[in-house]
Each structure stands twice: as structure tokens, then as C-alpha cells.
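The values are calculated or read from the model by the stated rules, or taken from the named source; none is laboratory data. Values in this document were obtained by computation on a predicted structure and should not be read as measured data. Ideal geometry is used to build each Cβ from the backbone, glycine not excepted, and the neighbour counts take in all protein chains shown. Keep in mind that these areas ignore ligands, DNA and RNA; they rest on the heavy atoms of the full protein, side chains included. Shrake-Rupley method; radii C 1.70, N 1.55, O 1.52, S 1.80 Å.
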Amino acid sequence: MKPSLRTCFAAVTITISALAHAAPAVQQKADPWWKHAVIYEIYPRSFQDSNGDGVGDINGIASRLDYLHDLGIDAIWITPMYPSPGIDYGYDISDYTAIDPEYGSMADFDRLVAEAKKRNIRVIMDYVINHTSDQHPWFKESRSSRTNPKRDWYIWRDGKAPGQPPSNWQSWFGHSAWQYDEKTKQYYYHYFYVQQPDLNWRNPQVHVAMEDVLRFWMNKGVAGFRIDAVSRLYEDPGLHDDPYAPGTNVYGDRNIIHKYTDNYPQVNDVLKELRRVVDKYPGDPVLVTEADEPNITELTKLYGNGDEVQLPMDFQIADLNKLSAPGFRKLFNEVENNTAHGQPEYFFSNHDQPRQWDRYGDGVHNDQIAKLMATLLLTTRGTPQMYYGEELGMRTTDPARVEDVHDPIGKLGWPKEKGRDGERTPMQWTGSKDAGFTTAQKPWLPIPPSVSSYNVESERKDPNSIFNAYKRLLSLRKTEPALRDGSYRAIDGDDPNIFAFLRQSGSSRVVVALNMSSEPHSIALHLSGAQHAEVLYASPAQKQQSVPVQTLSLEPFGVVIAKLP
Ligand code: NOJ
């Protein structure tokens, strides 16, 4: 192809300016956007209802983009909005390249992407790759006969003996992972609900079909994908029985160790393929993945050689579930030093686990702890991910009666397992009865009682609110070079109560100290050339504008962020 006139001129300009400034031969590539981004997870059913049916929707999200921009959010990850029978509230997809009418239309989606772009907010889609809905046309075909061309797109096997499933594998959501299908007298495999049959990733046609899905959404201008349940893509072809662990689970099944259904090395080949597909698009597309891995070695594998997922979510840190300076120090140090040199991705709440206000709160200092957790999330070096409403201190509000439960896990496991409705309640925009979420009489999940004081409208006005803590921290992260892209080093010398670290970018040095105990504590930080540091943020708020670094005192669950001279 001939170079256009425009490219010729551009080339000349570069040559002249290169000569004039004697620029280095190799230009440093700017960091990809996701290295400095803050990602915000939106559960679309619960963010904002725009049409009064009690369920959140795409136009609702679009109407709140200014809020997100003002808060300091760079990207939104929206959990599935594709057509779905809704058994697993969207994670059972029946069409990967359409929008469920419950959430709006494709035109609404396009508008959302365009409006988000105007505000420098990128859109990340959920990519549910392990399974489809049993209502997906692929599965309908597959189950129609043993000889259907799509039969092998799913995992069909004969039972061990009449009435006995092919193996003892269990579904993550309780009971056998095999479902007998009368029509063709075979079992199909489902890691999750019966209505979520697993795709057969050993079939190359599945790869082609699922990669087309990526292209479809990339062409619509999305910035990347959050890949669901990726460690579960492959199972043992020999169908060996999993070993048992002592005891039973909340569903009354014998406890099982998922030895033959998780973390097969072929997963990494798939991730490389997916990365190659998105890398063909401009704009540094990002792959994020659920990575509920047992240890740092397994988590590190998901980065590949920089050619798989850029941001595997660190579940080890999210799930520590207690305020422990030694615990966090160890885990942050581990991921910081991961052998793949991958960018860490941190979060504490999502749509599958009780909210952090409850999980990390001690029942007395929960609001203070919420601010401490916000500081931890937003001052460390990785890419932070928030969950809608965490910036308000929204809490888990489980249903009181089994009749009110929506999530099938809660129906099956009640009362030991109440399901995930509690962390999916509507966003609390105002203190009114409908939380400013809907005009419907009855939202799909009830508005929690905490709405009267934990909501955007009132917290905005309160300088000490959790919301204003997040706002300040998000803004500091953008404006302080050390917090934006500085290195990270723990500097607390193994203190049992205080987790402290230094962020440094060039001459800009910022100290972060977090007291993870219910008692006041001091720490001596030995930092060359520094006696005092200028307070950028403290919680509880304090009057002094500078703190002595050699005897830094912190209140119970207190935090200080201070800039060294
Ligand atoms: C993980 C998702 O986060 C969860 O909500 C869903 O139920 C399972 N994957 C199955 O798709």
C-alpha cells in the first residue's frame, strides 16, 4: 500500500524533530491506561433504574456517569447484561452478542459507551466462558441428539452404571456436577447450576465461536473483558473421582477437593489465545480475570509471560477477612514481587461475597475501618477495583426469610447459606424509601434500612463520611506522582499492628501507615533524611499538618498518608 500524503508529512516532521532534539533512539512507551486506572464494578440490576420496573438498566448507568467521573473512576466493569433466563442473574447467557431487553437495547449500550468515552471512562464487559445457559441455541442443539454437530460443544458422558453419574464431581453450587438428560440418556457436566452446562474447551469450534464474541464487543468500542471462572475451563478426560475432605458443606454434600476440575494448564493456552485476539485492537485492551487461586504461584501463572491476563484479581488479599498487619504485609509483598512482574489487581468486595463493611468491620468501628480499607485499596501500587456502594459503606443485607431469597444458592443452602442477595441490594443514592434507585413500588431487592444515613446525597455533605474519604483518596491517587505510579516498599519492620509502606516516584515520596488494631499505636519509621512529613490525609481527621516520622502515632484503626520532604 502506498503511504498517504499525511503519513509522509508525519514521517518528515518526526525526522526533523528527532534531529533537532537528538532524541534517544528508543522512545519509552507510555504505560497502558489500566496501570493507573481505578475500576468500578457495576451490578446493573442494582445501580440505577431508569424505566420504573424496579430493575436497574443501561440508561440508568448512563445517567450516573457524571457521578462516576466526579468520584474519580476510570473504567466500569459491568456484570452480564446479555440475554439470559436469569437463573444465575445473568451468568447463564443465552446469547453472547445481544443485550437483554430487561436492561435496554443495543442502541442504549452504544450510547453508554459513547457517553462514557466523553468522560474518559472505559467500559469492561463480563465474558462468561466456562458455560452457557441451557437455553442457549448451542446447548439446545447439543442436547437434541447424540449425533448433532453441536453435541461435542458440551461435555456429555455415560453414567458409571445405571443411575450413577460419570464421576463424583460436585457443582460449586451444591450436589452432583452431572445432570442426566432423559432424551439422549447421557449426563452433561455443569460446574455451576444445572442450567449452566459447561462448554467443551477441548473442541476447537468452541474457541472460534467464543473468540468471535470478543471481536463483536471490541468492535463496539469496549476496553476489555473480565473473564468469569477461568480456572474451571478444563476437566480430567479420565473422569477420575475427586478426593474427599472431612465434613460436609452447607448443602449437605461430603466436602470435596476439586482436584480434577480446576486449574488445568490448558487454561493458560486459552488465555494466550484470547489475549492475541484483543491485542489486535488499538487502545491497550485489558483482560481482567476472576482468580480465586489458592496461592501466589497459581495466581502468577495467569500473567503468563506478559502474554495472558494483565490483571488477575487477587482473591488472596480480598479474602483475608481479618484486619491483620502481618497478614496484609505478607500478601502484598508476595504479589508485589510476583515472578511474572505482573500488575497486581486488588479489591475487597464484589457481587459474590458479603460487603467489606461487614467482613472487615468489628461491629464497633465499622465506619472507621471502612476508611482504613479504602486507604489500603487506593494507596497500594496495583490497579484497584471497587464495588458499587462500597464508597458509601453499604452493608450486606441478607433476606430475612427463605421465601424472599432470589439467589438459588440461598434457596438451596438456607439457612446456613443465605445466598448473594445481601451484597446486591440497590445503590443508595438518597435517604428516601426508594433510595433514589427506582420509582417502582417494589425494587427487585429491598432497600436496606441503613439507607437513611448511608447514601450519596447525605454523605456528600458530611466531610467525615466514607464517601468523602473515597473522594479524597481517589483524587490523591491521581495527583500525587508517588501514589499514581511510584514503587512500593513495606517499611514497618514487621510491626504486629501497623502496616506501613513507602511509595516513591523520583523525588516524590509518600508514606502510608495503617493501624489495624483497636488500640492506639505508634511506630518509628526510619527513612533517610526525613524527620517530619506533611499530612496529605488522615483518618480520623487531625489538626496537625505535619507528623514526626520517627514516632508516628495512630488512633485505633487510624491511617495517615504523609509526604516526605
Ligand atoms: C462467577 C461469578 O462471579 C458468579 O456470580 C457466578 O455465579 C459464577 N461465576 C458462575 O458464572
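Observations, loosely collected:
- Whole-angstrom Cα spans of the stretch 182-274 along principal axes, big to small: 48, 32, 24
- Integer Hz, Karplus 6.51/-1.76/1.60 couplings in order for the stretch 511-517, x for Gly and Pro: 9, 10, 10, 10, 8, 8, 10
- Computed P(r) (all Cα pairs; the stretch 167-324; 10 Å bins; percent): 9, 32, 35, 18, 5, 0
- The stretch between residue 175 and residue 245 holds 23.7 nm of extra length on full extension. This uses 0.36 nm per residue minus the Cα-Cα distance.
- For the chain, averaging the sequence separation of C-alpha pairs within contact (under 8 Å, six or more residues apart) and dividing by the residue count gives a relative contact order of 11 percent.
- Label-to-label distance for residue 253 and residue 185 is 2.7 nm, based on points extended 7 Å past Cα in the beta-carbon direction.
- Under a model in which nothing but the beta-carbon of Lys, Arg (+1) and Asp, Glu (-1) is charged, the chain shows a dipole of about 1280 debye around its Cα centre.
- Equivalent ellipsoid, the stretch 444-515 (semi-axes from 5 times Cα gyration tensor eigenvalues, Å): 33, 17, 10
- The chain gives an Rg/Rh value of 0.98, both radii derived from C-alpha positions and Rh following Kirkwood.
- Taking every alpha-carbon pair under 8 Å whose residues sit at least 6 apart, the stretch 513-558 reaches a relative contact order of 59 percent.
- For the stretch 427-565, with all protein chains in place and a probe radius of 1.4 Å, 50% of the accessible heavy-atom surface sits on carbon or sulfur.
- Calculated FRET value between residue 551 and residue 504, using beta carbons and R₀ = 22 Å, to 0.05: 0.50
- For the stretch 484-564: span of alpha carbons on each principal axis (Å, largest first): 35, 28, 23
- In order along the stretch 205-216, phi translates into HN-Hα couplings of 5, 5, 4, 4, 4, 6, 6, 4, 4, 4, 4, 3 Hz, rounded to whole numbers, per the Karplus curve 6.51 cos²θ - 1.76 cosθ + 1.60 with θ = phi - 60° and x for Gly and Pro.
- With protein chains left intact and a 1.4 Å probe, residues in the stretch 256-313 average 41 Å² of accessible area per residue.
- Here the stretch 191-332 has 52 percent of its accessible surface on carbon and sulfur atoms, given a 1.4 Å probe and all protein chains in place.
- The residues of the stretch 484-564 expose, per residue, 44 Å² of accessible area to a 1.4 Å probe.
- Structure-based [θ]222 nm, the chain - -39500 (n - 2.57) summed over DSSP H runs of at least 4, per residue, nearest 500: -8000 deg cm²/dmol
- The amide H of residue 84, built 1.01 Å from its N in the peptide plane, has 94 as neighbours under 5 Å, considering only residues 5 or more places off or on other chains.
- Exceedance of the 30 Å cut-off in Cα-Cα distance is limited, within the set 29/563; 259/280; 322/442; 118/330; 461/543, to 259/280; 322/442; 118/330.
- Using C-alpha pairs under 8 Å with a sequence gap of at least 6, the mean separation divided by the residue count of the stretch 484-564 gives a relative contact order of 31 percent.
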